[in-house]
């Protein structure tokens, strides 16, 4: 049984905030949120290597401007690598892409590794890295409070048609705040029970009844302790006369400056190019260039 | 706190319970604590149990909000860290988000209908109905998009849905009975 088994959220860099006071930190959180959403949409929608390279370049440029060491961002992707490699292998083997005009690199039994397979794996990695790094950049440069206010401001149009936008933004904030608390509480419970002889390391076997019986003494106290903590928060909010979003004024008001509009315009243009790259012939050009270098 | 105290539901209470249970759903998914390996291939999940508990404690609106957080997280997880070909299907919000909005409402309806008859029984029913809503709606959405043939869906619903319903019912009863200090007849439950 290793110590790391209790450290549930240690390897996760996504969700942390790094105060380096860069122009990206100062940018309007609404702009950053919209930019992040557009990035996710553009990257999931495209399957062009040129487009994804462009998206990756945008994110790397963002890291440079935000003065965040790229190595730190890379470390966030490390725990996912083995799994990603597995997915890549799966994709290369299980999905045959044998068009007539593709180069065959390697052939063994029923497994054929072609240029198309290599492209599919490269696409998978590029897509994944662009997404994780893009969202990491958002979380590294924006505090939770800014994110909450930004979400609330962006959801304001929904409030007009009667949806509880303020309440939902606050709910999201409470949820974000409670995730690390849950991790702490779980560690505490696991250690307490391991010290009394519980064995959480026994992942062996498929005996699911045994697995579930081990989870019960962990989950039930976890949920009850969390509800108890929630009661404290409710009491604190009510003691400060919180009554919901109606008629509430705000301490924080966002004023988008020229720089913010410029940032948004830049992101929109680059992401439009990311989408457009799949339509034009840019992709074949990039692919031909890579194959030429390869030879 | 007296045993019979009726806690009044305020906006602060609804928001905090929704946030906390949403966090729990995300936490169970993130750490994979909420998955139990199962012979039928796909792991059993208890990630939707916070939705059921929240709906039982604070009503359908809170249940829907937690369902939304759960759905958005499973969408995000499918996009960011897909664990196989099945996760790619969940990159579609109609499969990952929409079905989850109804878990809380159905669980709450089941609980409300039986609450005055027998509260522990009402909790069991809420756990089962909430889980089946999740299973049936998600599988229907998968069928609708043609990822799997319709004939393949009922066996999956039975192989995964039924044990999940049982787990959800056990957890819902264990948590809510202890939290609300409901007398189960045999002995008074205490925290």
Filter result for residue A:45 (without any contact (Cβ under 8 Å) to a residue 40 or more places away in the chain and surrounded by fewer than 18 Cβ atoms within 10 Å (Cβ to Cβ))
no
Kindly check whether there is at least one residue in segment B:28-38 that is within 12 Å of the chain's Cα centre (by Cα), within 14 Å of chain A (Cβ to nearest Cβ) and not in a helix (DSSP H, G or I).
yes
Which residue, of B:136, B:125, B:176, B:106, is assigned to a helix (DSSP H, G or I), on the phi < 0 side of the Ramachandran plot, at pLDDT 90 or above and within 14 Å of chain A (Cβ to nearest Cβ)?
B:176
Going through (1) assigned to a loop (DSSP other than H, G, I, E, B); (2) at pLDDT 80 or above one by one, residue A:8 fails only at (2)
Find the residue count for segment B:42-69, including only residues that are more than 11 Å from chain A (Cβ to nearest Cβ) and farther than 24 Å from residue A:180 by Cα.
4
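Just name the residue that is modelled with the highest pLDDT out of those in segment A:239-274 that are farther than 24 Å from residue A:24 by Cα and surrounded by 15 or more Cβ atoms within 10 Å (Cβ to Cβ).
First pass over segment A:239-274, keeping only residues farther than 24 Å from residue A:24 by Cα: A:239-249.
Imposing the further condition that a residue be surrounded by 15 or more Cβ atoms within 10 Å (Cβ to Cβ) reduces the set to A:242, A:244-245.
Numbers: A:242: 86, A:244: 77, A:245: 71.
Looking at residues that are farther than 24 Å from residue A:24 by Cα and surrounded by 15 or more Cβ atoms within 10 Å (Cβ to Cβ), I get A:242.
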Of the residues B:65, B:25, B:78, which is more than 26 Å from residue B:162 (Cβ to Cβ) and out of contact with any strand residue (DSSP E or B) (no Cβ under 7 Å at 6 or more places or on another chain)?
B:65
Quick check on my filter: what residues within segment A:119-138 are free of Cβ contacts under 8 Å to residues at least 60 places away in the same chain and over 19 Å from residue A:37 (Cβ atoms)?
A:120, A:121, A:124, A:125
Which residue is nearest to the chain's Cα centre (by Cα), if the candidates are limited to segment A:221-238 and must be surrounded by fewer than 19 Cβ atoms within 10 Å (Cβ to Cβ) and either outside any helix (DSSP H, G or I) or at the interface with chain B (Cβ under 8 Å from one of its Cβ atoms) (or both)?
A:229
So in segment B:139-173, with the set limited to residues that are more than 22 Å from residue B:60 (Cα to Cα) and within 14 Å of chain A (Cβ to nearest Cβ), which one is surrounded by the fewest Cβ atoms within 10 Å (Cβ to Cβ)?
B:162
Condition test on residue A:215, is it free of Cβ contacts under 8 Å to residues at least 12 places away in the same chain and more than 23 Å from residue B:61 (Cβ to Cβ)?
yes
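Test residue A:151 against the stated conditions and say whether it is more than 10 Å from chain B (Cβ to nearest Cβ), assigned to a helix (DSSP H, G or I) and surrounded by fewer than 17 Cβ atoms within 10 Å (Cβ to Cβ).
no
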Could you tell me which of the residues A:63, A:110 is at pLDDT below 70 and away from chain B (no Cβ under 14 Å)?
A:110
Can you tell me which of (1) surrounded by fewer than 19 Cβ atoms within 10 Å (Cβ to Cβ); (2) over 27 Å from the mean Cα position of the chain (by Cα); (3) within 11 Å of chain B (Cβ to nearest Cβ) is the one residue A:197 doesn't meet?
(3)
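The values are calculated or read from the model by the stated rules, or taken from the named source; none is laboratory data. Treat the numbers as computed from the prediction; the structure is a model and nothing was measured. All Cβ positions, glycine included, derive from the backbone under ideal geometry; neighbour counts span all protein chains shown.
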